[in-house]
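Below is one structure, written out as structure tokens; the observations come after it.
Read-outs throughout are calculated quantities, based only on the coordinates presented, and are distinct from any laboratory measurement. Being a predicted model, the structure only gives us computed values, none of them experimental. We place every Cβ from the backbone using ideal geometry, glycine too, and count neighbours over all the protein chains shown.
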Amino acid sequence: MELYTDGKKLIISFHYDPVLVEKVKTLPNRSFDPVTKNWILPLNLDSFYAFRKAFPNAEIDKSVRNFDFNKQANPLLNYVPPSGLSPYKHQIETLKFMLKEKQAAVFNTMGTGKTITSLMALDYLFQNKLIKKALIIAPLLVMNDAWISDCETYFPHLSIQKLSKNQNEAAEGIWIINWDMIKILFDYVIEEDTKGKKIKRITKTFNFDFDCVILDESAKARNVKTKRFEILKRYLPVEYTFILSGLPAPNTPLEYWSQFYLMDGGKTLGVNYWQFLSRHAYKTKFDWFITKDGARAIKEKVVSKSIRFELEDCVDLPENITLWREVELDSEHLRNYDKIENETSSEINYGTIDTSNVAVKASKLWQAASGYVYDDIGRSIALTKNNKKIEALKEIIEEEFGREQVIVFAYFKNQLDEILKSVKGKFSVAAIYGGINSSKSIEDFKTGKIQVLIANPASTGHGLTFTNAKGIIWFTPIWDYEIFEQARKRVQRIGLKHKSLEVFMHAKDTIEYSMYWGLRHKKDMSSIILKSIKEKNKRKKMEGIY
């Protein structure tokens, strides 16, 4: 067995031996390069010492013996930001942390400028010739409107290029892809021969030789069962690996494992997912649930390798005012809603609906509260000719926002279509949902060409900044806590100079208010909706309606 280096990583070379392979797998931060068929380690003293301890008789090549590991310590030099950029104190502290750790998690909350901070880190690393190639993996919408735009504005000496699906390698510099491109660029398939034996065949060989990788919104890799995680874990971590997220574990601290595994190969939370689960959680018939001791243990480990600043601790933002607007539905709308709710209630009473399947049934109620439902063949059906929520929305825009800009969030396409059609004649409008040219809509809204931006919150959930708007109107609640929290921070961000307003619309005597309550208190939505329907039934019985 021999250990050598190509100047970027430590490479372990040996004749195949299953016993040696198993022992190599115990090394922290080890990974397998499917192209060269070699096991590799990060180029640092920790990895070198771990290897020497595991294999004291291995031959150490002169490329390693003569390598100056002290130079790799990378003490932070005095960084001078580009002209025109005045970073905040928390951004400088975050930059220092990233460069000191090399593999680090940046969990500063939404609106704190993680993109700019990461670009400063790249600027420093390139200036000091510590890296040659960097890869950014980011949500599609923020590739242009955050990463490339901010780079062109503040770091014109750097250049971010988009990787093409036809490329097999990347030249030196900064490259960017969206999360969906991972499967297109880096995937392989497992085929079976005639005897049923599985054989791994590389269908596309991409020369993944990046020495810095940034995972923007790393929570997109929080599920170990996804294809994107399976692919990325073959290539990551690299020497400089940074994960960014304002909401890294929206459902449970167990979601940290996969993100940290990509960041440091298991150094923080372990290399075996099932061992991690068994130490920190207990299993039920349907899922794993974290214990109190497990949550505490995970938090301690995560804090040691991450940095987090809350927005209110970074800057003094203007006041954000919250308004609740209850809308009383017309008799036709309420009658149709009650019919759907009674059907759902009956199924609950008969035991055919519980927390495991309530999402499907609740979806109809959720739609019905706003007046538009999809039938069994996907057609949109209006529950009333006179939709009071649409009328109330137009009043709110006029009374609370006047001529100032506002974002209107709705969820289902039929809701968004009706809102767009109804407000188009009265206000200047653009939209971000379902096939509409999102980039143009974003640009028109940011430059003030239009007043009202109608959007599905998932379309604006990551990285976009709309400090030009006065605030947000929620036409309807949504199901997903992560998307809800991300979308709420599009206006309340660094750079906001005026008071902002957030309006929550909810139809009276429907599940909408309970859904908002669940979102704002981070409760399980299925349980909240079941409880809401059951309590409404109890109230009806007490009032003598039944």
* Asked: Net charge near Val406, counting Lys/Arg +1 and Asp/Glu -1 over other residues with Cβ under 11 Å of its Cβ?
  -> -2
* Quick one: compute a quarter of the convex hull surface over the Cα atoms of the range 1-126 and quote it in nm². => 10.0 nm²
* Relative contact order %, the range 79-314, counting alpha carbon pairs below 8 Å whose residues are six or more apart -> 24 percent
* To do: Could you tell me which of Ala458, Trp288, Met98 has its Cα farthest along the dipole of the chain towards the positive end, charges placed at Cβ (Lys, Arg +1; Asp, Glu -1), taken about the Cα centre?
  => Trp288
* Using Cα pairs under 8 angstrom and six or more residues apart, how large is the relative contact order of the chain, in percent? -> 13 percent
* Please work out how much length the chain gains when fully extended from Ile60 to Lys183, using 0.36 nm per residue of separation minus the C-alpha to C-alpha distance, in nm with one decimal. => 40.6 nm
* Given the peptides 61-68, 495-502, arrange them by the average over their residues of other C-beta atoms within 10 Å, most packed first. => 495-502, 61-68
* To do: Calculate the dipole size of the chain relative to its Cα centre from +1 charges on Lys and Arg beta carbons and -1 charges on Asp and Glu beta carbons; express the result in debye to the nearest 20.
  => 960 debye
* Taking the Cα atoms of the range 79-314, report the difference between the largest and smallest coordinate on each principal axis, in whole Å and largest first. => 62, 46, 29
* Could you give the distance between the Cα centres of the range 377-397 and the range 452-507, to the whole Å? -> 21 Å
* **Helix 292-304 axis, angle to the chain major axis (alpha carbon atoms, nearest 10°)** => 60 degrees
* Packing-based ranking, highest mean first, of 323-333, 365-375 given that Cβ atoms within 10 Å are counted -> 365-375, 323-333
* Asked: So, by mean Cβ neighbours within 10 angstrom, what's the order for 512-519, 179-186 with the highest one leading?
  -> 512-519, 179-186
* Structure fact -> Taking a ≥ b ≥ c as the square roots of the eigenvalues of the Cα gyration tensor, with a/c under 1.5 meaning rounded and otherwise prolate when a/b exceeds b/c and oblate if not, the range 268-419 is oblate
* With a sphere of radius 11 Å drawn around the Cβ of Phe210, what net charge do the other residues whose Cβ falls strictly inside it have (Lys, Arg +1; Asp, Glu -1)? -> -2
